[in-house]
Amino acid sequence: MSAHLGRRLRKGATSGAVVAATVAALAASQAPEIAPPPADNAGGDRAIGAGDTASPSGDGSATGDSPYYTALPPLNTPNKPGAPTNLPVITGPAEAGIPASVFAAYQRAEQSIRSTNPGCNLPWQLLAGIGKVESGQARGGQVDANGTTFTPILGPALNGVGFANISDTDQGAYDGDKTHDRAVGPMQFIPSTWATWGQDANSDGKKDPNNIYDAAQAAGLYLCADDRNLALKADLDRAVLSYNRSREYLNTVLSWFEYYQRGTHQIPDGTGVLPVDRSDGLGQGNRPTPPLPLVPTSPAPQPSVPITPTPTDPSKPPVTPPPPKPTPPPKPPVTPPTKPPTVPPAVKVVRLAPVSTGELTATTESAFAHAPTVAALDSTGAPVIGSTIRFEITGATDAHFAGGATTVTVTVGSAGMAKSPTLRAGEKTGSFKVRATVVGNSTVAATEFGATVTARQADTLARVAGAPLSATTGTAFTQPVQVKATEKGALAPGVLVTVMIVASSTATEESADGPSFKDGVRTLLIKTGPDGTILLPQLFAGDKAGEYAIRFTALGGGDTVVKLTVTAPATPTPDPTPDPTPDPTPTGTGSPEASPSASTSPSGSPSA
């Protein structure tokens, strides 16, 4: 009946009646805790198997709705009735066997996530159900000692032909396909989903979707997203459907989930049942070849040989044959001890302790003398070697780690401490913080380090030797002006120096006229170079003659003044003007003679 129902479901018989019959049969087969799904949707959940022809709603999925294996579990329970449930199962049907490394990865993921997100109530049997449907438990446990599959497990190209159409998102880094994405690994993550949820659960420094420990941890976190409580049926359904948006997929996963909850046992890696019957019609190559029927054979007839009695010697006693050697009792089978699942180092950490490294201070554009350092400790105060610490720079600053990064992760070494890479200050001054947290364990309180960036200083400024500065109005100064900054006798690079043209050597305010830089600017802010010097740009004399000065001032007390002289152009001397030549005195010849004066007589007649 099991095989018959499995074939019907795989061929698309997804009606509610068929699934209800299947679940009823499971419930009758020594599984009283299973109840058929409600047919009237009164519980608020859609009945399993109802409406499989239409994809459920939801944006995206972990696998890109890739094909999956549709084989259903057998109806017989893995455990015998009455068997204690608190002991490990070492025998049972082949379908209940889970390869040892895969089994350990599922249990490790459950313990890790329950320690950081207990409200999710993630059962490892749900991961086992998904792993069975996605890859047949990593192709029957074909993994190495670190849990990495011997060859990558790849789904078909998601090119829109029978599947979703997802263009390449990882440049083929995970799936080897630079055109389309493929589901990767024993839990079948597409690269874009792995980029968000990928984990390094085995602390080997890599997030590898083909590693069962990394993939199981990522799958558990993905299922617990959006504050789901997997103890609730509605949240459980939503979690599985977020993995593959198919109601038949949901039915298949939950069938294996229930089956594994009734009992499992570990088997050696590489000996698991290979998956068959994939949802896209492939997978038949893993179906085992049925054995040839045994042909009964009759023993070949032997020719009759007459038995001649041996004459007995009455003088000799009869010879008694020795008794047969007793068969030694069979040795009882030796069951290898089951190794307890390894707890990830991050789960063991309960406290981060700052290690004294001195005050975190630096001047602009220089390295901090000390680096933030923490010790990761367990409940006994012992260091947890192998745990991973994240250092993150927070606050309004341009300080950074090597390479410009603001977030780095460091593994706790044999000394039990994690030290951040070299911290460098940028151009901004002020305070910020470096925050240390445990990767994979959000219950541990963060540790913060305060850091301060101050401006570089110079206590002395002096002009590099040069000629006095003078120019005439309307021209430019031709002599170079170079000033050197030092701090306690050492060259001071990167110091900001204020350059201001003032009216006299004692003035402290910018001059209103006289010399200037380009566009009439009289105040500049210039940073000293690697050799601690600055060289002024071109300086113009202006149109007003007089004595001026350039005042240089640096943070830290450095100060110096350089005099400027502006002269008026020289006035040219005019040529002397010659005296005018007097006119010659006129002679009598040709000049009229004066006539004698005449007087008028009273009578009006002239007199001689």
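Per-residue answers, yes or no, for (1) without any contact (Cβ under 8 Å) to a residue 60 or more places away in the chain; (2) in the same structural domain as residue 73 (by TED's automatic domain parsing); (3) buried (at least 21 other Cβ atoms within 10 Å of the Cβ):
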{"residue": "217", "(1), (2), (3)": "no, yes, yes"}
{"residue": "225", "(1), (2), (3)": "yes, yes, no"}
{"residue": "229", "(1), (2), (3)": "no, yes, no"}
{"residue": "233", "(1), (2), (3)": "no, yes, no"}
{"residue": "251", "(1), (2), (3)": "no, yes, yes"}
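Of the residues in the stretch 417-435, none is more than 22 Å from residue 360 (Cβ to Cβ) and not assigned by TED's automatic domain parsing to the domain that holds residue 553. In this entry, residue 504 is excluded by the filter for residues that are assigned to a strand (DSSP E or B), under 18 Å from residue 546 (Cβ atoms) and not assigned by TED's automatic domain parsing to the domain that holds residue 427. Considering the stretch 534-549, and only residues there that are surrounded by fewer than 16 Cβ atoms within 10 Å (Cβ to Cβ) and within 49 Å of the chain's Cα centre (by Cα), the residue that is nearest to residue 366 (Cα to Cα) turns out to be 535. In the condition set (1) free of Cβ contacts under 8 Å to residues at least 60 places away in the same chain; (2) touching an Asp or Glu at 6+ places or on another chain (Cβ under 6 Å); (3) in the same structural domain as residue 514 (by TED's automatic domain parsing), residue 473 is compliant with all but (1).
Residues satisfying the criterion are absent from the stretch 494-512 (criterion: acidic (Asp, Glu) and crowded, with 19+ Cβ neighbours inside 10 Å).
Restricting attention to the stretch 159-203, the residues being touching a strand residue (DSSP E or B) at 6+ places or on another chain (Cβ under 8 Å) and surrounded by fewer than 17 Cβ atoms within 10 Å (Cβ to Cβ) number 5. The residues listed here are 404, 381, 440; of these, the one that is modelled with pLDDT under 90 and surrounded by 14 or more Cβ atoms within 10 Å (Cβ to Cβ) is 440. When restricted to residues that are over 28 Å from residue 492 (Cα atoms), in contact with a Pro (Cβ under 9 Å, 6 or more places away or on another chain) and assigned to a loop (DSSP other than H, G, I, E, B), the stretch 533-543 contains 2.
The values are calculated or read from the model by the stated rules, or taken from the named source; none is laboratory data. If you're wondering where the values come from, they're calculated on a predicted model, not measured in any experiment. Every residue, glycine among them, receives a Cβ derived from its backbone with ideal geometry; neighbour counts consider all protein chains shown.
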